[in-house]
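Take a look at the structure set out below.
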Amino acid sequence: MKMRVSLLAFCCTALAAPADWFPPSNLMTIGVYYYPEAWPEAQWPRDMANIRKLGMEFVHMGEFAWYFMEPEEGKYQLDWLEKNVDLAAANGLKVILCTPSATPPIWLTRKHPEILMVDSTGRTMNHGGREQADWSAPLYREYVTRIDTALAKRFGHNPKVWGWQLDNEVSHYDKQYSYSPAATQRFREWLRRKYGAIDRLNTDWGGRFWSLMYQNFDQIDLPNLLEHPGDPSPHALLDLDRWFAEEAADYLRMQTGILRKYGTPCIEARTPCAGQWITTNFMAMHGDVDPTLSARDLDAFTWTHYPVHGDLFPEEGPLGFRLGSGAIQGFMHDFMRPINGISGLMELQPGQVNWGVVNPWPLPGAIHMWIMRAFGAGARLVCTYRYRQPLFGSEEYHKGLVETDGVTPSPGGREYAEAMRDVLQLRGRYRAGQQPPADYAARRTAFLIDFSNRWDIQNHKQTARWDTIGHWMKYYRALKSMMAPVDVVTEDRDLTSYPFVVAPAYQLVDQELVKKLTTYAENGGNLVLTCRTGEKDRRGQLWEALWAEPIYGLIGAKIPFYDLLPPPVEGHVTADGKPYAWGAWGEVLEAQAGTTVLATYSDQFYAGKAAAVTRKLGKGSVTYIGVDSETGDLEMALLRKVYAGVSPASLRPDFLVDWRDGFWVATNFTSTSQPVPAKAGTPMLIGAKDVPPGGVAVWQ
Ligand code: GAL
């Protein structure tokens, strides 16, 4: 392995950590949401004191409280909030405040219905829920600016306020896009900026197909599937997705700008910074909003996660529905952390939720495990939603850290307290400057994603059997079973410090990217590409060349065609004499001289042809896996070959083991006990050497 393995890029201590916000020696901190406006003032002191007694170190307030902050236009009432900030501080709790923009007050909605979003049926949303506003509406942005300014002026210099969360899960949930006149206007402006001249848009959107030509930008509406008997242009859909994500990022940028203007800005002088940090709570794997677009705007990257909500997660065994998906949880941590090194969970389930189709209990211990998983994955904070279970409102059945009496710790509350005690214990053993073990670092992997690939594939799936996230997870699970530390990154990153790069289903490419990946491998990197890669250019158009031809030189093979099988038909490939089933996507490859075949099709009219190949390229290697197996077993077997030189572990998938700040952290999302991969005689700081389902072990 000739590559420089940069230990600096490992999570946590070595990054430019703003010492004042998240001191490395604190490792991770745990806190909770509290909604003072929902409870009698007489209970505030008791609740704050009890939050601290549970061990929590910070409290999160102000989210959704716009009406209580500004009951009438321009009349700000923030005393109640300041009282709670003071109470929190008096109890030794740090405070995260929120901008309330997810819940505009009734006076605003009734006065200016044009601030409301319009769904794809043309129906204007109404007061009575949340996320009903349209952040493309200039007037809504003005009102948000005013309330944010009032908050920033009041609290922006208050040392008791530690940080800020913007909005809530920026999105329109399942309504997806707003089709309001304001959104249409913003989309047109975005297109005008992007293309300059309408002819360019017509070319890139393929206007010569079905006479879809436009004469000017004002003729363009947001593509709406409900309005097209025939499929709309996939290029228009891709631009809609790109615009929407950029619009969300722009809205967040607008809000950070206000807080930084009137408060104590930090991002310019990141290390150290005594000011307040800013984040938003992104949704895990949601896909409409791309957190990486906010990389330069936010100080921390936090996300919301409710692992148990009625899904079965059969890959985790019969307890999957009580444990959640280890792969999804791990992947999201590994995605959010590398954005700037400061990440964490802003919402983590404290017990049963109210919104699943069925809402089971998490397995006893699982909540504690999720918190410790966050720790192992490098998170700086974990915040749980919420302290008190609401007695009214649409989330009545949602558990909190205390029972409905408001004081008795719930089972989840006790698991949060236990996790906090664990963190305190580990803080006592923290030593600065720990470096990851060399064999672990040697498996360091960049997992390359681009939301545009995900969107374009979704808009043009070709087979109902294809699942992009499922495809990613097959590779991610395989990587984690080998105990590879993974950073999920975008292609603007410098990849040279990663011995391995895995880029699954990377559909949209250009010559520059192909060159970057070629140079990466030539210089000693090991590159893994998978089916659906390189099919199109960045606009989503096919190449006027052979199928996916721009990557032939890189992968050392041709891809004459691909096949898709209707369910329940299964095809098979053979690798090292073992059969593997596939159904979603199978590319037939033609290896060029110097390229080795790793797997071949064993049935269909192309039996005997290659399905996966590998080759040396300069000092490195390129492996191309052209088939998507049914269970991920083929991906697992082939990746093990690629990692053969760096002593890959053989953990049961979703028994996740990571190294952080000198600690090994094992979390078991499987339904059976798993032995820790520690040397005999190693004492466990937390847990035991046999980790039960939903269990944790930590050792040094
Ligand atoms: C989240 C949301 C929270 C709360 C929670 C309930 O998605 O951000 O505000 O509604 O779900 O589980």
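For segment 98-198, which helices (runs of 4 or more DSSP H) that fit wholly inside it have 2 or more residues that are under 30 Å from the mean Cα position of the chain (by Cα)?
It comes to 138-155, 181-195.
Is it the case, given these coordinates, that SER325 is under 25 Å from ILE449 (Cβ atoms), away from the ligand (no atom under 14 Å from the Cβ) and touching a strand residue (DSSP E or B) at 6+ places or on another chain (Cβ under 9 Å)?
Values: under 25 Å from ILE449 (Cβ atoms): yes; away from the ligand (no atom under 14 Å from the Cβ): yes; touching a strand residue (DSSP E or B) at 6+ places or on another chain (Cβ under 9 Å): no.
It is false that SER325 is under 25 Å from ILE449 (Cβ atoms), away from the ligand (no atom under 14 Å from the Cβ) and touching a strand residue (DSSP E or B) at 6+ places or on another chain (Cβ under 9 Å).
If you go through segment 100-107 one residue at a time, do you hit one that is open to solvent by 10 Å² or more (accessible area, probe 1.4 Å), of a type in the set (Val, Ile, Thr), modelled with pLDDT of 95 or more and under 27 Å from GLY257 (Cα atoms)? Reasoning before the result, please.
Let us first name the residues in segment 100-107 that are open to solvent by 10 Å² or more (accessible area, probe 1.4 Å), namely 103, 106-107.
Adding the requirement that they be of a type in the set (Val, Ile, Thr) leaves 103, 106.
Still in the list and also modelled with pLDDT of 95 or more: 103, 106.
Applying the additional criterion that residues be under 27 Å from GLY257 (Cα atoms) yields 103, 106.
Within segment 100-107, one or more residues are open to solvent by 10 Å² or more (accessible area, probe 1.4 Å), of a type in the set (Val, Ile, Thr), modelled with pLDDT of 95 or more and under 27 Å from GLY257 (Cα atoms).
Before we move on, is LEU513 in a strand (DSSP E or B) and of a type outside the set (S, T, N, Q)? Write out each step before concluding.
Details: in a strand (DSSP E or B): no; of a type outside the set (S, T, N, Q): yes.
So LEU513 does not fit the description; no.
For segment 403-426, what are the residues that are assigned to a loop (DSSP other than H, G, I, E, B), touching a strand residue (DSSP E or B) at 6+ places or on another chain (Cβ under 7 Å) and surrounded by 14 or more Cβ atoms within 10 Å (Cβ to Cβ)?
The initial filter retains those residues of segment 403-426 that are assigned to a loop (DSSP other than H, G, I, E, B), namely 403-408, 410.
With the extra rule that they be touching a strand residue (DSSP E or B) at 6+ places or on another chain (Cβ under 7 Å), the set shrinks to 406, 408, 410.
Across segment 403-426, the qualifying residues are GLY406, SER410.
Scan segment 616-635 and report the pairs whose first residue is open to solvent by 10 Å² or more (accessible area, probe 1.4 Å) and whose second residue is of a type in the set (Asp, Glu) and in a loop (DSSP other than H, G, I, E, B), with Cβ atoms within less than 7 Å and a gap of 6+ or a chain change.
Filtered contacts from segment 616-635: GLU630/GLU570.
I'm told ARG260 meets every condition in (1) at pLDDT 95 or above; (2) more than 23 Å from VAL382 (Cα to Cα); (3) among the charged types (D, E, K, R) except one. Can you identify the failing condition by its number?
Single failed check for ARG260: (1).
What number of residues within segment 177-206 are in contact (Cβ under 8 Å) with a residue 24 or more places away in the chain, buried (at least 16 other Cβ atoms within 10 Å of the Cβ) and in contact with a Phe, Trp or Tyr (Cβ under 9 Å, 6 or more places away or on another chain)?
12
Hey, can you tell me all the residues within segment 70-97 that are free of Cβ contacts under 8 Å to residues at least 60 places away in the same chain, open to solvent by 40 Å² or more (accessible area, probe 1.4 Å), within 14 Å of ARG146 (Cα to Cα) and not in a strand (DSSP E or B)?
GLU73, GLN77
Please state which of the following conditions LEU391 fails to meet, knowing it meets all the rest: (1) more than 14 Å from the ligand (Cβ to nearest atom); (2) in contact (Cβ under 8 Å) with a residue 40 or more places away in the chain; (3) part of a loop (DSSP other than H, G, I, E, B).
Here LEU391 clears every test but (2).
Applying the selection to segment 545-568, what residues are in a strand (DSSP E or B) and either under 22 Å from GLU522 (Cα atoms) or among the aliphatic types (A, V, I, L, M) (or both)? Show your work before the answer.
Kept after step one, since they are in a strand (DSSP E or B), are these residues of segment 545-568: 557-563.
Of everything in segment 545-568, those that are in a strand (DSSP E or B) and either under 22 Å from GLU522 (Cα atoms) or among the aliphatic types (A, V, I, L, M) (or both) turn out to be ALA557, LYS558, ILE559.
Please give the number of the condition ALA521 fails out of (1) touching a Ser or Thr at 6+ places or on another chain (Cβ under 9 Å); (2) not in a helix (DSSP H, G or I).
Unmet condition: (2).
With the condition kept exactly as written, say whether any residue in segment 358-381 is free of Cβ contacts under 8 Å to residues at least 12 places away in the same chain and either over 23 Å from GLN176 (Cβ atoms) or more than 16 Å from the ligand (Cβ to nearest atom) (or both). Walk me through how you get there before you give the answer.
Within segment 358-381, the subset free of Cβ contacts under 8 Å to residues at least 12 places away in the same chain is none.
For segment 358-381, residues free of Cβ contacts under 8 Å to residues at least 12 places away in the same chain and either over 23 Å from GLN176 (Cβ atoms) or more than 16 Å from the ligand (Cβ to nearest atom) (or both): absent.
Can you name every residue in segment 22-61 that is in contact with a Ser or Thr (Cβ under 8 Å, 6 or more places away or on another chain) and within 21 Å of PHE392 (Cα to Cα)? Working first, answer last.
Pass one, segment 22-61, residues in contact with a Ser or Thr (Cβ under 8 Å, 6 or more places away or on another chain): 22, 24, 30-33, 57-58.
Matches in segment 22-61: VAL32, TYR33.
Open to solvent by less than 60 Å² (accessible area, probe 1.4 Å), closer than 25 Å to SER343 by Cα, assigned to a loop (DSSP other than H, G, I, E, B) and not aliphatic (A, V, I, L, M): does that describe PRO648?
Values: open to solvent by less than 60 Å² (accessible area, probe 1.4 Å): yes; closer than 25 Å to SER343 by Cα: no; assigned to a loop (DSSP other than H, G, I, E, B): yes; not aliphatic (A, V, I, L, M): yes.
In short, no.
If you check ALA150 against the conditions, is it within 16 Å of the ligand (Cβ to nearest atom), at pLDDT 95 or above and of a type in the set (A, V, I, L, M)? Steps first, answer last, please.
Working: within 16 Å of the ligand (Cβ to nearest atom): no; at pLDDT 95 or above: yes; of a type in the set (A, V, I, L, M): yes.
It is false that ALA150 is within 16 Å of the ligand (Cβ to nearest atom), at pLDDT 95 or above and of a type in the set (A, V, I, L, M).
In segment 153-196, how many residues are charged (D, E, K, R) and more than 16 Å from the ligand (Cβ to nearest atom)?
From segment 153-196, those charged (D, E, K, R) are 153-154, 160, 167, 169, 174-175, 186, 188-189, 192-194; that's our starting set.
Add one more test, that the residue is more than 16 Å from the ligand (Cβ to nearest atom), and what stays is 153-154, 160, 186, 188-189, 192-194.
The qualifying residues number 9.
Are any residues in segment 363-379 open to solvent by 10 Å² or more (accessible area, probe 1.4 Å) and under 22 Å from the mean Cα position of the chain (by Cα), and if so, which ones? Before you say what the answer is, go through the steps one by one.
Initial filter on segment 363-379 (open to solvent by 10 Å² or more (accessible area, probe 1.4 Å)): 363-365, 368.
Once the filter is applied, which keeps residues that are open to solvent by 10 Å² or more (accessible area, probe 1.4 Å) and under 22 Å from the mean Cα position of the chain (by Cα), segment 363-379 yields only HIS368.
The values are calculated or read from the model by the stated rules, or taken from the named source; none is laboratory data. If you're wondering where the values come from, they're calculated on a predicted model, not measured in any experiment. No Cβ is skipped: glycine too gets one built from the backbone with ideal geometry, and neighbour counts run over all protein chains shown. Only protein heavy atoms, including side chains, enter the accessible area calculation; ligands, DNA and RNA are left aside. Shrake-Rupley method; radii C 1.70, N 1.55, O 1.52, S 1.80 Å.
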